[in-house]
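The values are calculated or read from the model by the stated rules, or taken from the named source; none is laboratory data. Because the structure is predicted, anything quoted here is derived from the model rather than measured. Using ideal geometry, Cβ is built from the backbone for each residue, glycine included, and neighbour counts are taken over all protein chains shown.
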Amino acid sequence: MHLAPRFSTVVATVLVAFLLGGCAGLHPADEVSALLPADAVLLGEQHDATEHQQAHARVVRTLASRGQLSALVVEMADAGQTTAGLPPQADEAAVRQALQWNDKAWPWAAYGPAVMAAVRAGVPVLGGNLPRARFGPVMQDTGLDALLPPPALAAQQEAIRLGHCDLLPATQLAPMARIQIARDQSMARTVQAAARPGQVAVLLAGSAHVDRELGVPRHLPPGFQVRAVRLQAGGPVAPSPAFDAVWSTPAVPANDHCAALRQRMGG
């Protein structure tokens with residue numbers, strides 16, 4: 001699988017600054033300006049990295065303060081859920097209710113600051129994820145396989161295998177990959193609908209969802225200007241055709257998620 005590199009000089013400068021100074025060493029206005037112009041900025045996080053959610057909030061506040069934020073779209077709430085009917089002074093309980101927020105899956109303490117920054121600015125927060133009730137039909141929808149080129153589809157299935165610690169039966173890889181594709185498609189539809197001329201829609205999601213080769217950008221129309229940013233916790237950082245920028249943050253403590261998954265699956 002190969003796509004032409006999209007790592008622009010301006011965005012590469014952002015990467016170098018992060019590598020030299022760390023995430024906190026670059027002024028939020030600079031990191032955001034380097035991504036523009038764009039119809040949408042997709043921020044791909046590692047879910048257990050606190051600095052990544054802090055970066056979310058910085059980007060949202062910066063764009064909102066400039067009047068440039070059209071909407072905040074979040075993987076952490078289902079498509080159809082929105083704060084659009086709430087006033088800017090709405091309290092957190094009302095916001096969580098409007099988004100049907102699942103605090104067990106997505107700790108509000110981590111994501112609330114970015115969400116509330118948008119609400120306080122009078123900017124709608126929109127759920128983008130595929131509702132779980134749709135998972136069953138989606139798993140059987142072989143038409144979704146055609147939405148990715150064969151090499152990308154194979155890479156998506158391999159990512160599912162690795163992400164589930166090689167515990168899934170081989171027959172489940174294609175159906176599970178369809179869920180991932182449908183989730184990306186749902187987030188792309190929400191982002192596209194939220195775009196406004198002269199403003200930027202921001203998506204908060206896991207890094208795999210913002211991957212240009214596999215994720216949300218695949219489902220956006222030609223001519224739609226999108227910037228995909230991977231927030232990376234620790235490890236070597238290098239330009240990648242899958243992302244327009246990679247923002248480096250400190251490593252997080254190692255977590256053996258495979259052990260936890262084996263326990264849940266009875267393995």
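Looking at VAL60 and the list (1) over 18 Å from SER207 (Cα atoms); (2) crowded, with 21+ Cβ neighbours inside 10 Å, which single condition is not satisfied?
With respect to (1) over 18 Å from SER207 (Cα atoms); (2) crowded, with 21+ Cβ neighbours inside 10 Å, VAL60 is out only on (1).
Check PHE135 against each of (1) closer than 19 Å to VAL59 by Cα; (2) surrounded by 15 or more Cβ atoms within 10 Å (Cβ to Cβ); (3) touching a helix residue (DSSP H, G or I) at 6+ places or on another chain (Cβ under 6 Å) and name the one condition it does not meet.
Every condition holds for PHE135 apart from (1).
Working carefully through the options ALA238, ALA242, ALA260, ALA251, find the one that is in a loop (DSSP other than H, G, I, E, B), modelled with pLDDT under 75 and not charged (D, E, K, R).
Just one listed residue meets the conditions, ALA238.
Provide a single number: the residues in the range 121-132 that are exposed (fewer than 15 other Cβ atoms within 10 Å of the Cβ) and either touching a residue at least 60 places away in the same chain (Cβ under 8 Å) or under 30 Å from SER65 (Cα atoms) (or both).
Count: 1.
Return the total of residues in the range 44-58 being in contact with a helix residue (DSSP H, G or I) (Cβ under 6 Å, 6 or more places away or on another chain) and either of a type in the set (Val, Ile, Thr) or under 13 Å from PRO107 (Cα atoms) (or both).
Number satisfying all stated conditions: 1.
Identify, please: which residue in the range 68-85 is without any contact (Cβ under 8 Å) to a residue 60 or more places away in the chain and over 17 Å from ASP184 (Cα atoms) and is, among those, surrounded by the fewest Cβ atoms within 10 Å (Cβ to Cβ)?
Restricting to residues being without any contact (Cβ under 8 Å) to a residue 60 or more places away in the chain and over 17 Å from ASP184 (Cα atoms), the top hit is GLY85.
Yes/no matrix, rows are residues, columns are (1) within 24 Å of PRO107 (Cα to Cα); (2) more than 14 Å from the chain's Cα centre (by Cα); (3) surrounded by fewer than 19 Cβ atoms within 10 Å (Cβ to Cβ):
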| position | (1), (2), (3) |
| --- | --- |
| GLY143 | no, yes, yes |
| ALA159 | no, yes, yes |
| GLY163 | yes, yes, yes |
| ARG178 | no, yes, no |
| PRO197 | no, yes, yes |
| ALA201 | yes, no, no |
| HIS209 | yes, no, no |
| PRO222 | no, yes, yes |
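Listed residues ALA34, ALA29, ALA93, ALA55; which is of a type in the set (Gly, Ala, Ser), surrounded by fewer than 20 Cβ atoms within 10 Å (Cβ to Cβ), farther than 21 Å from ARG189 by Cα and touching a residue at least 12 places away in the same chain (Cβ under 8 Å)?
Sole residue among the options that is of a type in the set (Gly, Ala, Ser), surrounded by fewer than 20 Cβ atoms within 10 Å (Cβ to Cβ), farther than 21 Å from ARG189 by Cα and touching a residue at least 12 places away in the same chain (Cβ under 8 Å): ALA29.
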